[in-house]
Amino acid sequence: FNLFVADHTVVEYHNFILKYPKNRNVDSAWKSIYALYTTDGKSTTIAQFWIDYPDFPFKETITEDLQLSMATFYPIQINEKWGFVDEQGKIRIPCEFDWVEFFSEGIAAAGRNDKSGFIGKNGKVAISFVYDEVESFNKGFAQVKINNKVGLIDHTGHLLVPIMYDAISEFFSARAVVIRDGKYGYIDRYGSEVIPCELDMAGDFSNGSAVIAVDSLYGFIDYAGNFLVKCEFSWVESFENGFARVEKNGKFGLISATGKQVLPCVYSLLSPFKNGFAMIVQNDKCGFIRADGKIIIPCKYEFDKNLEGETFFLGGMVRVKNNGKCGLIDSSGKIIIPFEFDDVLSFKNGLAPVKKNGKWGFIDSKNKLILPYRYDGASSFINGMARVRLAELTGMIDKKGKEIIPLQFQHITYLSDYILVNDERAFGLL
């Protein structure tokens, strides 16, 4: 039986039943099929199992589980012991456990007599209480721990991954990071260590690659552990749209998924990509690149770190600084708003906040002053309103400058359909 179902799959268990219908392990095989098939614990899955396996011998189990799957259970504590009640408050599982977790994928982690295991909604033990610690099931697996070592079990309680690791991450792209004796590696969903624990660091797989580190230098590997990019960088980020930012010798650049150096590591700053563009800085001058690394605006504008937070393309324009003054340019480098402001923010609702001689006003797309320079602080319009500040008090105005919310608050924060405000005393919602 153990040889026949070595991989513990539904197909293996069912083939065993078909080939050896009188074997003493047939009942166990059926229960394993049911547990593996219904891992999400949903009533639709249980009903589909009945359709797919009409010869399942334990029909009463399906009937009971169908009823229980549609009920929601809540943990309760009585006399320092834990159990569960349903939505009507009726006790469905007696309070006899030291602790319980919420039900996940049809079963709940629980503790009793200093050991951990799992129970079903019928209150029966689903997986024996033999572990020091357990975590709730997620995507068909649960972490279990004995003597500070971790492994993985499935819904049948079968040990998929030996209890030998210091830590196991979630599965991403059929790979999970594992740590053993301070070294990182990867396992597959069958519990095989497909990439040995020999790495100094390992990240989750995404789009066919993962960040790893060897001797404190970072690179990328594929699913089989082959190097896509050798470990030669002091910092890297995961690939996005086929490219990744990297750092070498204190300078930043860009590489492709093949490891090609698209942008050399010569820049003191390479911002995250936003709206298809990123800012680059070299010798205190800034410019911009496309997502493929092509330079669209060379490093010729003054880099001001105080402006960095909003120096990204929005509505096809970006704020830059030249000869100490700010303006707006488009992605071709064309000047849209001339360099005549101490600061300028993005256009929204047809207006943009601009600062001159220490005061803020608002201009339109033709650089015509619509609202005069009178505010000590301002933000772009959202839904026809903009935050403005006079001295230490903040309020909101409309596009004609009328106060919609009086300037009487210390702070104003957007919260979806509400506005959070506060003064010296307390907070409130508008």
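The values are calculated or read from the model by the stated rules, or taken from the named source; none is laboratory data. These numbers come from a predicted model, not from an experiment. Here the Cβ positions follow ideal geometry from the backbone for every residue, glycine too, while neighbour counts run over all protein chains shown. Remember, those area values only see protein heavy atoms, side chains included, never the ligands or the DNA or RNA. Shrake-Rupley method; radii C 1.70, N 1.55, O 1.52, S 1.80 Å.
I'd like to know if the range 366-377 contains one or more residues that are out of contact with any Cys (no Cβ under 8 Å at 6 or more places or on another chain), surrounded by fewer than 19 Cβ atoms within 10 Å (Cβ to Cβ) and within 24 Å of F427 (Cβ to Cβ).
Here is the first cut: in the range 366-377, the ones out of contact with any Cys (no Cβ under 8 Å at 6 or more places or on another chain) are 366-377.
Subset that is surrounded by fewer than 19 Cβ atoms within 10 Å (Cβ to Cβ): 366-370, 372-374, 376-377.
Add one more test, that the residue is within 24 Å of F427 (Cβ to Cβ), and what stays is 376-377.
Scanning the range 366-377, I find at least one residue that is out of contact with any Cys (no Cβ under 8 Å at 6 or more places or on another chain), surrounded by fewer than 19 Cβ atoms within 10 Å (Cβ to Cβ) and within 24 Å of F427 (Cβ to Cβ), so the answer is yes.
Residue-wise test of (1) in a loop (DSSP other than H, G, I, E, B); (2) out of contact with any Gly (no Cβ under 7 Å at 6 or more places or on another chain); (3) modelled with pLDDT of 95 or more.
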site: K355; (1), (2), (3): no, yes, yes
site: Y373; (1), (2), (3): no, no, yes
site: S380; (1), (2), (3): yes, yes, no
site: V388; (1), (2), (3): no, no, yes
site: T394; (1), (2), (3): no, yes, yes
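Cβ separations smaller than 9 Å between residues 6+ apart or across chains give the following pairs from the range 227-253 residues that are closer than 15 Å to A291 by Cβ and of a type in the set (K, R) to residues that are assigned to a strand (DSSP E or B) and open to solvent by 30 Å² or more (accessible area, probe 1.4 Å): R245/W235; R245/F252. Starting from residues that are within 20 Å of D40 (Cβ to Cβ) and charged (D, E, K, R), keep the ones in the range 93-133 and report whichever is most open to solvent (accessible area, probe 1.4 Å). Per the stated criteria, the residue is K124.
The residues on offer are E247, E198, E240, and the sole one that is modelled with pLDDT of 95 or more and surrounded by fewer than 16 Cβ atoms within 10 Å (Cβ to Cβ) is E198. So, Y301, is that one without any contact (Cβ under 8 Å) to a residue 24 or more places away in the chain, aromatic (F, W, Y), in contact with a Cys (Cβ under 7 Å, 6 or more places away or on another chain) and at negative phi or not? So Y301 fits the description; yes. Condition first: among the hydrophobic types (A, V, I, L, M, F, W, C) and not in a strand (DSSP E or B). Can you find one or more residues in the range 180-192 that meet it? No. Look at the range 130-143: where a residue is under 15 Å from G106 (Cβ atoms) and a partner is open to solvent by 60 Å² or more (accessible area, probe 1.4 Å) and outside any loop (DSSP other than H, G, I, E, B), sitting 6+ places away or on another chain with Cβ atoms under 8 Å, you get N138/E170; K139/E170.
Of all residues in the range 382-405, count the ones that are of a type outside the set (A, V, I, L, M) and open to solvent by less than 60 Å² (accessible area, probe 1.4 Å). Explain how you work it out, then say what you get.
To start, the set of residues in the range 382-405 that are of a type outside the set (A, V, I, L, M) comprises 383-384, 387, 389, 392, 394-395, 398-403.
Within this subset, residues satisfying the condition of being open to solvent by less than 60 Å² (accessible area, probe 1.4 Å) are 384, 394-395, 398, 401.
Counting residues in the range 382-405 that are of a type outside the set (A, V, I, L, M) and open to solvent by less than 60 Å² (accessible area, probe 1.4 Å) gives 5.
The set of residues in the range 347-365 being farther than 16 Å from R389 by Cβ, among the small types (G, A, S) and buried (at least 18 other Cβ atoms within 10 Å of the Cβ) consists of A352 alone.
Check the range 255-271 and report whether any residue there is in a loop (DSSP other than H, G, I, E, B), of a type in the set (F, W, Y) and crowded, with 16+ Cβ neighbours inside 10 Å.
Quick first cut of the range 255-271, residues in a loop (DSSP other than H, G, I, E, B) only: 257-260, 268, 271.
The next check asks that each one be of a type in the set (F, W, Y); those that pass are none.
Checked against the condition, which is being in a loop (DSSP other than H, G, I, E, B), of a type in the set (F, W, Y) and crowded, with 16+ Cβ neighbours inside 10 Å, the range 255-271 yields no hits at all.
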